[in-house]
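Participant: Take this structure, written in structure tokens, and hold onto it; I'll ask about it next.
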Amino acid sequence: MNYDLEKLGMTEEELFSLVDHNAVESEKIAAPKYSYWQSVFRVFFKKKINIVILVLLAVVIAFAYIYPNLVEYDKFANLMNSTAKHLRPKEAMDMFGHNIHWILGAGAAGNSTFDAVWNGARISISLAFVCGAINMTIGVIIGAIWGFSKKFDMFMMTVYNIIANIPYTLLIAVMVMLFSPSFWTMVLALTVTGWLFIAYFIRMQVIIIRDREYNLASKCLGTSTIKIAMKNILPFMTSIIVTQLAVEIPSYISYEVFLAYIGMGLSEMSLGRLIFEAESAMVTPGWEFEFWSPVAVAAIITVVLYVVGQNLGDASDPRTHM
């Protein structure tokens with residue numbers, strides 16, 4: 001074969017050069033560096049919708065945690081002013097001025113519905129995050145051990161079969177009734193058995209992958225069961241855990257709203273409490289904003305948290321990193 005060296009732009013010495021054989025260098029595998037979490041975020045942000053959802057989540061978090069600290073909210077500030085109660089947005093802004101506080105109108109006590117909603121959102125979101133952190137931490141650890149230990153499995157299955165037959169909502173309602181309906185009482189009610197169902201789910205996932213070849217090899221080499229669970233199993237289940245968390249956190253907001261709606265919720269002014277107190281406004285002409293505003297915010301928070309968690313769970317699956 002004839003080569004036109006002028007077209008290639010290379011000299012004959014450059015084109016044909018002797019390569020020395022190096023036994024050490026030949027054993028090296030040329031591959032790009034792989035970072036698990038960099039790959040997770042690369043896949044996650046590849047979808048433009050995730051950026052939009054994250055921005056929406058940031059706005060919700062900012063209004064829930066920053067906005068209440070910047071304004072002084074007093075529910076009963078206009079209680080003695082009968083003309084300030086149950087106002088539509090336009091009526092409220094005409095009376096109190098055109099500002100952000102009155103864009104959702106005024107409530108039954110002449111209070112700003114907008115300010116009330118975001119103060120309530122802070123309590124509901126905090127409840128969801130605290131319960132999610134407690135239940136997921138306990139559930140994942142117990143579930144990992146549960147899936148490996150046969151003796152522990154027998155004991156936990158007995159406990160699970162007893163508790164699983166008690167309706168979860170009924171159990172929460174009883175716990176709330178036994179104690180004062182405060183924030184930490186609700187946390188106790190949602191976590192006292194909530195971790196058990198997560199642990200059972202993790203146990204099923206561990207059973208599926210515990211007998212794979214690399215785990216059997218680790219066991220033959222004398223690796224402890226706890227170390228196998230923590231090093232070999234749980235990292236493999238990151239996407240499963242994140243997906244489960246995406247389901248759990250919004251569910252706690254739903255439980256809180258439901259219990260408050262039936263009169264068994266928090267004593268604090270959470271979203272559920274706001275919905276409960278504005279129940280009559282749902283069917284009263286001109287008062288609808290008092291009811292539908294907290295309902296809409298609760299729905300937005302729940303959907304956004306769920307979508308972000310689900311998409312992050314999908315991105316956490318190493319099979320999507322190709």
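Participant: If a residue counts only when it is open to solvent by 60 Å² or more (accessible area, probe 1.4 Å), of a type in the set (Lys, Arg) and more than 30 Å from residue 205 (Cβ to Cβ), which helices (runs of 4 or more DSSP H) contained entirely in segment 235-322 have at least 1 such residues?
Facilitator: 271-277
Participant: Could you list all residues from segment 224-234 that are of a type in the set (A, V, I, L, M, F, W, C) and either touching a Ser or Thr at 6+ places or on another chain (Cβ under 7 Å) or open to solvent by less than 30 Å² (accessible area, probe 1.4 Å) (or both)?
Facilitator: In the first step, residues of segment 224-234 are kept if they are of a type in the set (A, V, I, L, M, F, W, C); the result is 226, 228-230, 233-234.
Of everything in segment 224-234, those that are of a type in the set (A, V, I, L, M, F, W, C) and either touching a Ser or Thr at 6+ places or on another chain (Cβ under 7 Å) or open to solvent by less than 30 Å² (accessible area, probe 1.4 Å) (or both) turn out to be 228, 229, 233, 234.
Participant: Of 112, 124, which residue is modelled with pLDDT of 90 or more, open to solvent by less than 50 Å² (accessible area, probe 1.4 Å) and not hydrophobic (A, V, I, L, M, F, W, C)?
Facilitator: 124
Participant: I've got another one for you. What are the residue pairs meeting all of these: first residue in segment 155-166, first residue within 15 Å of residue 195 (Cα to Cα), second residue open to solvent by less than 80 Å² (accessible area, probe 1.4 Å), Cβ atoms under 7 Å, and 6 or more apart or on different chains?
Facilitator: 156/146; 160/196; 160/200; 163/193; 163/196
Participant: While we're on this one: Condition check: under 30 Å from residue 239 (Cβ atoms) and buried (at least 17 other Cβ atoms within 10 Å of the Cβ). Does residue 119 satisfy that?
Facilitator: no
The values are calculated or read from the model by the stated rules, or taken from the named source; none is laboratory data. Because the structure is a prediction, the values reported are computed rather than measured. Every residue, glycine among them, receives a Cβ derived from its backbone with ideal geometry; neighbour counts consider all protein chains shown. For the accessible areas, the whole protein counts, side chains as well, though only heavy atoms, and no ligand, DNA or RNA atoms are used. Shrake-Rupley method; radii C 1.70, N 1.55, O 1.52, S 1.80 Å.
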